[in-house]
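Structure below; questions to follow.
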Amino acid sequence: MAKPQSSSSPPPSVRVVIVEDDPVYRQFVRQILKKVEGVTVIGECSTGAEGIAICRREKPDAMLLDLVLPDQQGVDVVRTLRPEFPDMIVLLMTAHPRDDLPRELLKLGVQGFADKTATAPELVKSIRSVLAGGLSYTSVAGSKEVAAKLGLSTRTVEKHRANIYAKLGVRDVVGLTRWCLYHGMVI
């Protein structure tokens, strides 16, 4: 029988694999993870095939995964691993966000999406959110594109988005997507 944890014992560490082909961004993510208490990086690689192999060998609790890898798409890595690791937390990262991406990722059971243009504090917030069992779908580039098209500042667009979220009773893109699906606004 397992010994119960005392209130003074540290929480178990979350074992994370980083799958990212850009060595500079991979190092950035590694440094970010050092700031997140209770996280241990157990493996890093630059291709989908290597990521699948590491996950099968090490059985991580979480994976931070690039959307575009040299040998395959990150969503294909998720499709391969999800049946074997249904409880593994996945945070997908990309420099090329697409409008349909949050919906596709929700269907695959991906807990989070982070735009690579996000700042270090924004990325830490996303990582903490998904590791705590929440969802985090952020896209900084989408806010910048909307602002540019409307001739507004990014801050103004973010304020309007926050007002829409508040009026609909949602907290983020995931909640907004669910609201739209529920109300038949997205097919």
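The values are calculated or read from the model by the stated rules, or taken from the named source; none is laboratory data. Predicted model only: the values in this text are computed from it and were never measured. Neighbour counts are summed over all protein chains in view; Cβ atoms, including those assigned to glycine, are modelled from backbone coordinates with ideal geometry.
With respect to ARG171, determine if the residue is under 26 Å from LEU33 (Cα atoms), at pLDDT below 80 and not hydrophobic (A, V, I, L, M, F, W, C).
yes
From VAL90, VAL110, grab the single residue that is within 12 Å of the chain's Cα centre (by Cα), at pLDDT 85 or above and part of a loop (DSSP other than H, G, I, E, B).
VAL110
Examine segment 17-37 for a residue that is at pLDDT below 90 and aromatic (Phe, Trp, Tyr), and state whether such a residue exists.
yes
Name, by its number, the condition in (1) within 21 Å of LEU81 (Cα to Cα); (2) charged (D, E, K, R); (3) without any contact (Cβ under 8 Å) to a residue 12 or more places away in the chain that does not hold for GLU50.
Condition (3) is where GLU50 drops out.
Another question, then. I need every pair where a residue in segment 149-176 that is at negative phi has its Cβ under 7 Å from the Cβ of a residue that is exposed (fewer than 14 other Cβ atoms within 10 Å of the Cβ) and modelled with pLDDT of 80 or more, sequence separation at least 6 or different chains.
The qualifying pairs are LEU176/LEU168.
If a residue must be part of a strand (DSSP E or B) and either closer than 17 Å to ARG15 by Cβ or touching a residue at least 40 places away in the same chain (Cβ under 8 Å) (or both), how many such residues does segment 69-87 contain? Working first, answer last.
From segment 69-87, those part of a strand (DSSP E or B) are 73; that's our starting set.
Within this subset, residues satisfying the condition of being either closer than 17 Å to ARG15 by Cβ or touching a residue at least 40 places away in the same chain (Cβ under 8 Å) (or both) are none.
Looking only at that region, the number is 0.
Hey, among the residues in segment 66-79 that are buried (at least 17 other Cβ atoms within 10 Å of the Cβ) and closer than 16 Å to LYS107 by Cα, which one's farthest from the chain's Cα centre (by Cα)?
VAL77
Right, something else. Which of (1) surrounded by 15 or more Cβ atoms within 10 Å (Cβ to Cβ); (2) under 13 Å from ILE18 (Cα atoms) is the odd one out, the single condition ALA53 does not satisfy?
Result: ALA53 fails condition (1) only.
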